[in-house]
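Reading through the structure tokens given below for one structure.
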Amino acid sequence: MTSVILEKIGLTKKEAEVYEASLRLGESPVADIIQVTQTHPQIVYRVIDSLLKKGLIAVTYRNNKKYVQAESPRVLEKIEEEKLNELRVTIPHLM
């Protein structure tokens with residue numbers, strides 16, 4: 001159910017899956033995300049890069065391992081508020 005909502009606000013299905021897994025796991029190695037989502041490693045790494053660009057995930061490196069941690073879901077709210085503000089500014093120009 002949550003994945004559907006995340007998709008409605010612009011995440012892909014895989015982005016939603018990886019983000020939710022990261023929220024559940026907390027800071028964890030990418031291998032854990034791969035295992036939980038049962039998704040091919042190349043796809044998970046691409047999705048992590050995409051979520052990083054969107055500001056929804058943080059990445060750190062320790063002992064030659066990549067660790068990820070989901071940002072607070074409040075970040076999603078902030079992103080949607082920014083989109084709404086941009087739309088409000090644009091509407092008068094469209095009228």
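The values are calculated or read from the model by the stated rules, or taken from the named source; none is laboratory data. Predicted, not measured: the structure shown is a model, and the values here were computed from it. So basically every Cβ, Gly included, is an ideal-geometry build from the backbone, and we count neighbours across all protein chains shown. SASA here: full protein model, heavy atoms, side chains in, ligands and nucleic acids out. Shrake-Rupley method; radii C 1.70, N 1.55, O 1.52, S 1.80 Å.
Viscosity 1.306 mPa s, temperature 10 °C: give me the Stokes-Einstein translational D for the chain in µm²/s, with Rh taken as the Kirkwood radius over C-alpha pairs. Spell out each step's value before the answer.
On the way: Rh = 14.2 Å.
Estimated via Stokes-Einstein, D reaches 112 µm²/s.
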- Query: Which angle from 0 to 90°, rounded to the nearest 10, does the C-alpha axis of helix 74-94 make with the longest principal axis of the chain?
  - Reply: 30 degrees
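With every protein chain left in place, what is the accessible area per residue of the chain in square angstrom, probe 1.4 Å?
69 Å²
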- Message: Could you order the peptides 29-42, 77-90, 59-72, 11-24 from most to least packed, using the average number of other C-beta atoms within 10 Å per residue?
- Response: 11-24, 29-42, 59-72, 77-90
- Note on the structure: Answer check: segment 1-53, Cα atoms, Kirkwood Rh, Rg/Rh ratio of 0.93
